[in-house]
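Asks: A single structure is presented below for examination.
The values are calculated or read from the model by the stated rules, or taken from the named source; none is laboratory data. Given the structure is predicted, the values throughout are model-derived calculations rather than measurements. Note that we place each Cβ from the backbone using ideal geometry, even for glycine, and neighbour counts take in every protein chain shown. Surface areas here come from the heavy atoms of the whole protein model, side chains and all, with no ligands, DNA or RNA. Shrake-Rupley method; radii C 1.70, N 1.55, O 1.52, S 1.80 Å.
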Amino acid sequence: MKLGFSSLSLFMKSLEEILDIATNDKFDLLELLCEGPYWPRNLLNSQNHIDLEVFDSYNIELMLHSPTIDLNPASMNEGIRNETAKQTKEALDLAANIGAVAITTHPGVVHRKEERIRNLAVGFCIETLKDCQKYAEDVGVILSVENMPNKQKYLANSPEEHKKLVEAIGSSATIDWGGMLILINLLMNI
């Protein structure tokens with residue numbers, strides 16, 4: 001079993017500081033949250049002079065959490081869905097570039113309680129993330145869809161809906177219960 005943590009706990013520290021803490025404290029895994037200064041578009045932009053080879057200097061397995069703030073693969077707004085797919089693919093590119101094995105992403109939210117609207121959102125989520133899953137396969141990185149809290153607005157807010165989404169998308173699944181993350185491939189019936 002490997003022990004890891006999310007960079008959320010060290011948000012806004014430099015990549016070197018995060019990697020130093022992870023290795024000095026003998027963690028096996030690091031999940032880099034791709035928000036703020038770790039936004040994939042910025043990290044991949046060579047004009048920012050961020051040396052991504054810093055990851056090669058550390059003996060730690062990397063995973064990423066795709067950007068999710070203000071994004072929604074289940075949005076009724078096609079522009080938001082398109083930007084969500086674009087940024088998820090950029091996170092996949094970053095993962096491939098730094099040798100991360102997987103990225104976790106959120107399935108999205110629906111802002112109306114009507115069943116027909118939720119069903120539409122589920123369809124949009126599947127369509128958006130299925131496209132990202134194909135891209136993940138092309139770049140050789142695992143895409144994993146995370147379960148969400150048991151609140152009406154979240155998709156994958158129950159084990160049944162999470163499994164339905166993961167199977168329809170063809171992705172892996174991330175199970176988060178109270179801050180503890182486990183990456184599971186539901187397609188292998190684990």
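Asks: Of the options Ile21, Asn97, His111, report the single residue whose Cα projects farthest towards the positive end of the charge dipole of the range 1-124 (beta-carbon charges: Lys, Arg +1; Asp, Glu -1).
Replies: His111
Asks: Here's another thing I want to ask about it. Quick one: pull the percent of accessible area on the range 43-157 belonging to carbon and sulfur, 1.4 Å probe, ligands and nucleic acids left out. Could the numbers behind the result be given before it?
Replies: Numbers: 2630 of 5800 Å².
Result for the range 43-157: 45 percent of the exposed heavy-atom area is carbon or sulfur.
Asks: Here is a follow-up. What value, in deg cm²/dmol to 500, does the helix sum -39500 (n - 2.57) over DSSP H runs of n ≥ 4 give at 222 nm once divided by the residues of the chain?
Replies: On the way: 5 runs with 72 residues, N = 190.
Using -39500 (n - 2.57) per qualifying helix, the result is -12500 deg cm²/dmol.
Asks: Please work out the average accessible area per residue across the chain, using the 1.4 Å probe convention, and give it in Å². Don't jump to the answer; show the numbers that get you there.
Replies: Values: 10150 Å² over 190 residues.
For the chain, the solvent-accessible area averages 53 Å² per residue.
Asks: Pick from Asn59, Asn24, Asn150 the residue whose mean-square fluctuation is largest in a GNM of the chain, springs joining Cα atoms under 10 Å.
Replies: Asn24
Asks: Determine which lysines satisfy two conditions relative to Lys2: a Cα distance under 25 Å, and not lying fewer than 8 residues away in the same chain.
Replies: Answer for Lys2, where 25 Å is the Cα cut-off: Lys13, Lys26, Lys163, listed by chain and number.
Asks: If I require 27 Å or longer along the helix axis, counting alpha carbons, and a Kyte-Doolittle average no lower than -0.5, what helices from the chain are left? Use full DSSP H segments.
Replies: Helices meeting the span and hydropathy rule in the chain are 115-139.
Asks: Additional query: Determine the dipole magnitude for the chain: charges of +1 sit on the beta-carbon of Lys and Arg, -1 on that of Asp and Glu, nothing else is charged, the reference point is the Cα centre, and the result goes in debye to the nearest 20. Please list the in-between numbers first.
Replies: Numbers: 17 positive and 27 negative charges, 174 e Å.
Magnitude of the dipole: close to 840 debye.
Asks: Which far-off residues, 5 or more places away or on another chain, put their amide H under 5 Å from the one on Ser6, with H placed in the peptide plane?
Replies: The answer is Glu31.
Asks: Just going by the charge dipole of the chain, with Lys and Arg at +1 and Asp and Glu at -1 on Cβ, which of Leu3, Phe55, Leu120 is farthest out on the positive end?
Replies: Of the options given, the answer is Leu120.
Asks: Determine the relative contact order of the chain: mean sequence separation of Cα pairs under 8 Å and six or more apart, normalised by residue count, in whole percent. Walk me through the intermediate numbers first.
Replies: On the way: 336 pairs, mean separation 29.5, N = 190.
Relative contact order comes out at 16 percent.
Asks: In addition: Which value, in debye to the nearest 20, describes the size of the charge dipole of the range 71-136 about its Cα centre when Lys and Arg Cβ atoms bear +1, Asp and Glu Cβ atoms bear -1, and nothing else is charged?
Replies: On the way: 9 positive and 8 negative charges, 39 e Å.
For this selection, approximately 180 debye.
Asks: So what are the ³J(HN,Hα) numbers for the range 64-73, from phi and the Karplus equation (6.51, -1.76, 1.60; θ = phi - 60°), rounded to whole Hz, Gly and Pro as x?
Replies: Each residue of the range 64-73 in turn: 10, 10, 4, x, 9, 5, 6, 10, 6, x Hz.
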